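Novice: Can you read through this structure? Questions will come right after.
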Amino acid sequence: MKIGILAVQGAFIEHENMLSSLGAECVELRKKADISDDLDGLVLPGGESTVQGKLLNELDMFNILKDKIKSGLPVMATCAGLILLSETLSNDDRRYFQTLPVTTRRNAYGRQLGSFKRTSNIEGIGNFEMVFIRAPYIEAVSDDVEVLASVDDHITAVRYKNQLGLTFHPEIADDARLHQYFLSMIE
Ligand code: GLN
C-alpha cells in the first residue's frame, strides 16, 4: 500500500513514521512530480493551513490533489489538513479543497488554550487521547457526514465517503488505531 504524505510544511514525519510502522509504503509529496498515479491514500498533515495552501498553489500541486480527492482517493486530514478539506471556514475567508461538507472554525479554542489533551470516545475505535494544537473544531456538518467524535459539544472527528477529518493530532499520540482505521478505509 502506497501512501502519499503532503510534505510541504508541518507535521508530516510523524504520520510517515506511524504509517511505516504499520507496514505502509510512504512517499513524501514535496512537488508535483511526486504525485504518482499509483497512490492508494493521501495524508494532509497538521501545520499552518495558510502556508500549506499557498505552497500547494505555488508548487502547482493543488488541482491534481483536489481531483484525486474528488475521484475517491482515501485521505486522512489532521488539523490544518482538515481546514484544507473543509467546504466552509466560519472565521476565515480563505477556501482550499472544499471537498468535505463541513463548517470549520480555525484556532477555535483561542490562544490561551493553544495546546491541550482530552480523552474522548471515537466511534468504532473507543477512547482515544486527543492532542489539540491551536486546533480548529467543526461547527456544522451536512447530513451525510458521519460524526465520529466530539469534545465538549464540538466535533473533532468526521468521516465522509473517502475522507477522514480530524481536528487533533493522532500522529503524535502513542496510539496507531486511527492510522490503522485509515488503512482499513483503503482496503
Ligand atoms: N492553527 C492552524 C491553522 O489554522 C492549524 C494548527 C495545526 O495544524 N495544529 O492552520
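The values are calculated or read from the model by the stated rules, or taken from the named source; none is laboratory data. Because the structure is a prediction, the values reported are computed rather than measured. Just the protein is used for accessible areas: all its heavy atoms, side chains included, with ligands, DNA and RNA removed. Shrake-Rupley method; radii C 1.70, N 1.55, O 1.52, S 1.80 Å.
Novice: Regarding region 107-182, what's the average projected area of the Cα-atom convex hull, expressed in nm²?
Specialist: Details: hull surface 19.6 nm².
Convex hull of Cα atoms, orientation-averaged projection: 4.9 nm².
Novice: Each residue of region 145-160 in turn: what ³J(HN,Hα) in whole Hz from Karplus with 6.51, -1.76, 1.60 and θ = phi - 60°, glycine and Pro shown as x?
Specialist: Karplus values, whole Hz, x for Gly and Pro: 8, 8, 7, 9, 7, 9, 10, 6, 6, 10, 6, 10, 8, 9, 10, 9.
Novice: Percent of accessible area on the chain owned by carbon and sulfur, 1.4 Å probe?
Specialist: Details: 3530 of 8300 Å².
Looking at the chain in its full context, I get 42 percent from C and S.
Novice: From the helices alone, meaning DSSP H stretches of at least four residues, give me the mean residue ellipticity at 222 nm for the chain, per-run term -39500 (n - 2.57), in deg cm²/dmol to the nearest 500. The partial results should precede the final answer.
Specialist: Details: 5 runs with 45 residues, N = 187.
Helix contribution divided over all residues of the chain: -7000 deg cm²/dmol.
Novice: For the chain, what does the accessible surface come to per residue with a 1.4 Å probe? Please give it in Å². If you can, show how the numbers build up before the last one.
Specialist: Numbers: 8300 Å² over 187 residues.
Using a 1.4 Å probe on heavy atoms only, each residue of the chain averages 44 Å².
Novice: I've got another one for you. Excluding same-chain residues fewer than 8 positions from residue 68, which lysines have a Cα within less than 25 Å of its Cα?
Specialist: By straight Cα distance, residue 68 reaches 2, 31, 32, 54, 161.
Novice: For a test of the definition: using alpha carbon positions, the gyration tensor, and the 1.5 limit on a/c, classify region 82-130 as rounded, prolate or oblate. Don't skip to the end; give the middle numbers.
Specialist: Details: a/c = 3.47, a/b = 1.38, b/c = 2.52.
Oblate shape, in that a/c is at least 1.5 and b/c is the bigger or equal ratio.
Novice: When the expected Rg is taken as 2.2 N^0.38 Å, what fraction or multiple of it is the alpha-carbon Rg of the chain? Present the calculation step by step, with values, prior to reporting the outcome.
Specialist: Details: Rg = 14.9 Å, N = 187, 2.2 N^0.38 = 16.1 Å.
Normalised Rg, Cα atoms only: 0.93.
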